[in-house]
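Asker: Take this structure first; my questions come after.
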Amino acid sequence: MVKFVVLFACLAIAAVSAAPAEAETEHEVVPILKSEINKQENGAYNLHYEGGDGTSRKEEANVIDEGTEEEALEVKGSYKYINSEGEEVEVFYTAGKNGFVPYGSIINPEISAVAEAAKDLPKEEVEEPKKKSL
């Protein structure tokens with residue numbers, strides 16, 4: 001029994017010592033060049049962000065059908081970044097009660113076309129389940 005405990009302890013020590021030490025990863029600190037958010041009382045907003053690494057985001061949201069049951073936000077925006085090949089990538093989008101539609105060089109044009117067509121389709125009304133009376 002003592003041999004088993006000694007063997008187990010040796011294996012445990014060997015496993016711990018063989019485990020790779022966690023390498024400290026250095027992260028580049030990216031300066032924020034611009035960060036601006038403007039909110040309105042009705043829920044509309046616009047924002048703009050720029051990072052020192054070439055990233056940016058712009059977005060504007062407006063309330064449509066305000067004060068009705070159909071009230072919703074309509075959002076238009078874009079973001080850009082530098083990919084691993086050093087190329088600037090920019091994506092534009094719209095989003096609203098009928099869905100999200102992306103456009104851009106990295107977005108397959110077929111995806112944009114399908115999303116654009118789908119946003120104009122009538123939405124099916126979902127019936128709420130009927131409650132059973134006891």
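The values are calculated or read from the model by the stated rules, or taken from the named source; none is laboratory data. Note that the structure is a prediction, hence the values are computed from the model and not measured. Here the Cβ is made from the backbone with ideal geometry for all residues, glycine too, and neighbour counts use every protein chain on show.
Results for (1) basic (Lys, Arg); (2) part of a strand (DSSP E or B); (3) at pLDDT below 95, shown as yes or no for each residue.
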| site | (1), (2), (3) |
| --- | --- |
| Lys3 | yes, no, yes |
| Cys10 | no, no, yes |
| Pro20 | no, no, yes |
| Ala23 | no, no, yes |
| Asn38 | no, yes, no |
| Gly43 | no, no, yes |
| Gly67 | no, no, yes |
| Ile107 | no, no, yes |
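Asker: May I pose another question? Could you check region 53-76 and list, in sequence order, the residues that are at positive phi and either aromatic (Phe, Trp, Tyr) or touching a Phe, Trp or Tyr at 6+ places or on another chain (Cβ under 8 Å) (or both)?
Answerer: Hit for region 53-76 is Gly54, nothing else.
Asker: Here's a follow-up. Among the candidates Ala118, Ala61, which residue alone is at pLDDT below 90 and not in a loop (DSSP other than H, G, I, E, B)?
Answerer: Ala118
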